[in-house]
Amino acid sequence: MKAIVITEPGAPEVLQLREVEDPPQVKDDEVLIRVEATALNRADTLQRLGSYSPPPGSSPYPGLECSGTIESVGKSVSRWKVGDQVCALLSGGGYAEKVTVPVGQILPIPAGISLKDAAAFPEVACTVWSTVFMMGRLSPGESFLVHGGSSGIGTFAIQMAKHLGVRVLVTAGNEEKLAACKELGADVCINYKTEDFVAKVKAETDGKGVDVILDCIGAPYLQKNLDSLNFDGRLCIIGLMGGANAEIKLSSLLPKRLTVLGAALRPRSKENKAVVVEEVEKIVWPAIEAGKVKPVIYKYLPLSQAAEAHSLMESSNHIGKIMLVT
C-alpha cells in the first residue's frame with residue numbers, strides 16, 4: 001500500500017508518499033479499513049516534528065481519524081462486515097491506503113454525510129465530547145469559551161454546545177474567522193489580537209465569567225483563563241501551542257473553586273476510547289444526522305500533497321478541517 005512517511009523530523013517537505021508494507025493481519029477485535037479520506041490534526045504536525053510519537057503498537061504513519069470501507073474483520077467482530085462504510089478514531093495510520101482499527105473505535109457514517117466528509121468528525125467529536133462534556137460537565141444553560149473558534153475543534157465545539165443549549169463565546173484572530181464562528185452559532189466573538197478577552201468575557205457575563213473554557217494555547221493563556229472563569233468554573237486544556245510552562249496565582253483557584261483539567265485523546269487505552277466512541281455515537285451522531293452539527297471543511301487535497309496540507313495548517317489561514325483523500 002501507499003502511505004505518507006515522515007522521512008526525518010522537520011518541515012512539511014519531509015512528508016513523502018511511499019510504497020510500504022500492508023498493515024499486519026487483523027487481530028480478533030480489529031477491522032481493516034481501506035481509507036477513503038483522513039483529516040489533519042495539530043498532533044500530526046507535532047509528530048512530523050518529532051515531538052509526539054505514536055503510542056506503542058500503533059501505526060508509524062500520521063493520521064488520527066479516517067473514513068473508508070471495511071476490507072476484513074477479526075474473529076470476534078460481530079457488528080461490522082466486509083463492505084461496510086465506516087469512519088474511525090485512530091492512534092495513527094490515517095495517512096495511508098489501509099489501516100487496522102480496534103472495533104471499539106469504529107463509527108457508522110452518519111445519515112446525510114458523505115463517506116469523504118465523515119472523516120472530519122471522529123477526532124474532533126471524541127476530543128470535544130470527552131473533554132468538555134464528559135470531564136468538564138458542560139451543561140445546558142451554562143456559558144462556554146472556545147479559544148481558536150475557527151479551528152476544526154472549535155467549529156465542532158461551537159455547534160455541539162449550541163445544540164445542547166449553551167451560550168458560546170469564542171476567540172479568533174481575524175474578522176473572517178470571527179464571522180465564520182458567528183455563522184456557526186457563536187453568541188460572542190472576540191478578536192484576541194485587538195481585544196482583551198478577559199475583559200470582554202467579564203463584560204458579556206455581567207462580571208461573572210464563563211463556566212467552561214476549552215483551551216489549546218496553554219501557558220500564555222493559563223492565568224487569563226482562570227481570571228475568565230465563573231464560580232465552580234472548569235478549564236479544559238487540550239493543547240500547548242503557546243508553551244507548556246506557566247506560573248499562576250494559586251489564590252485565583254481557591255475562592256472560586258476552580259478546576260483545571262488536562263486531556264489528550266491519543267494516549268488513552270482502547271478500552272477508554274471505546275467508552276468515548278460509544279457516547280459520541282449515542283449523543284453526537286443524532287445531532288449530526290439532524291443537521292444541527294455540520295462538517296466544516298476548508299479544503300480537500302490528495303494524500304500525495306500531505307506536505308502542502310501541513311503548510312496550510314501551520315499558516316493558520318484555514319477555517320475548519322483540512323482533508324486528505326487517498
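The values are calculated or read from the model by the stated rules, or taken from the named source; none is laboratory data. Not measured: the values here are computed from a predicted model. Quick reminder, even Gly has a Cβ in these numbers, built from the backbone with ideal geometry, and neighbours come from all protein chains shown. The area values use the complete protein model at the heavy-atom level, side chains included, leaving out ligands, DNA and RNA. Shrake-Rupley method; radii C 1.70, N 1.55, O 1.52, S 1.80 Å.
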When residues of segment 137-162 are limited to those that are within 15 Å of ASP232 (Cα to Cα) and among the polar types (S, T, N, Q), the one least open to solvent (accessible area, probe 1.4 Å) | SER143
Cβ pairs under 7 Å, 6+ apart or interchain, first in segment 234-262 and at positive phi, second of a type in the set (D, E, K, R), ordered by first then second residue, are ARG257/ASP232
Please give the strands (runs of 3 or more DSSP E) falling wholly within segment 1-120 in which 1 or more residues are without any contact (Cβ under 8 Å) to a residue 60 or more places away in the chain and within 18 Å of the chain's Cα centre (by Cα).
-> 65-73, 85-89
Scanning for something at pLDDT 95 or above, open to solvent by less than 50 Å² (accessible area, probe 1.4 Å), small (Gly, Ala, Ser) and within 20 Å of the chain's Cα centre (by Cα), does segment 255-263 turn up at least one residue?
-> yes
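One line per residue, one yes/no per condition, for (1) touching a Phe, Trp or Tyr at 6+ places or on another chain (Cβ under 7 Å); (2) under 26 Å from PRO24 (Cα atoms):
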{"site": "GLY93", "(1), (2)": "yes, yes"}
{"site": "LYS98", "(1), (2)": "no, yes"}
{"site": "GLY104", "(1), (2)": "no, yes"}
{"site": "ALA120", "(1), (2)": "no, yes"}
{"site": "VAL128", "(1), (2)": "yes, no"}
{"site": "THR131", "(1), (2)": "no, no"}
{"site": "GLU142", "(1), (2)": "no, no"}
{"site": "GLY148", "(1), (2)": "no, no"}
{"site": "HIS163", "(1), (2)": "no, no"}
Are any of the residues in segment 286-301 part of a strand (DSSP E or B), within 16 Å of VAL124 (Cα to Cα) and touching a Lys or Arg at 6+ places or on another chain (Cβ under 6 Å)?
-> yes
Restricting attention to segment 282-302, does a residue exist that is within 27 Å of THR7 (Cα to Cα) and either open to solvent by less than 40 Å² (accessible area, probe 1.4 Å) or of a type in the set (D, E, K, R) (or both)?
-> yes
Inside segment 309-326, the number of residues satisfying the requirement of being buried (at least 17 other Cβ atoms within 10 Å of the Cβ), farther than 18 Å from ILE113 by Cβ and either in contact with a Phe, Trp or Tyr (Cβ under 6 Å, 6 or more places away or on another chain) or of a type in the set (Asp, Glu) (or both) is 2
Quick one: which residue in ALA111, ALA43, ALA39, ALA3 is exposed (fewer than 15 other Cβ atoms within 10 Å of the Cβ) and among the aliphatic types (A, V, I, L, M)?
-> ALA111
Using beta carbons and a limit of 7 Å, which pairs, at least six apart or on different chains, have the first residue in segment 166-191 and on the phi > 0 side of the Ramachandran plot and the second one of a type outside the set (Val, Ile, Thr)?
-> GLY185/GLN159; GLY185/LYS162
How many residues are under 25 Å from ALA244 (Cα atoms) and over 26 Å from the mean Cα position of the chain (by Cα) when one looks only at segment 201-220?
-> 0
Helices (runs of 4 or more DSSP H) wholly in segment 163-236 with at least 1 residues that are touching a helix residue (DSSP H, G or I) at 6+ places or on another chain (Cβ under 7 Å) and surrounded by fewer than 20 Cβ atoms within 10 Å (Cβ to Cβ) - which ones?
-> 197-204, 222-227
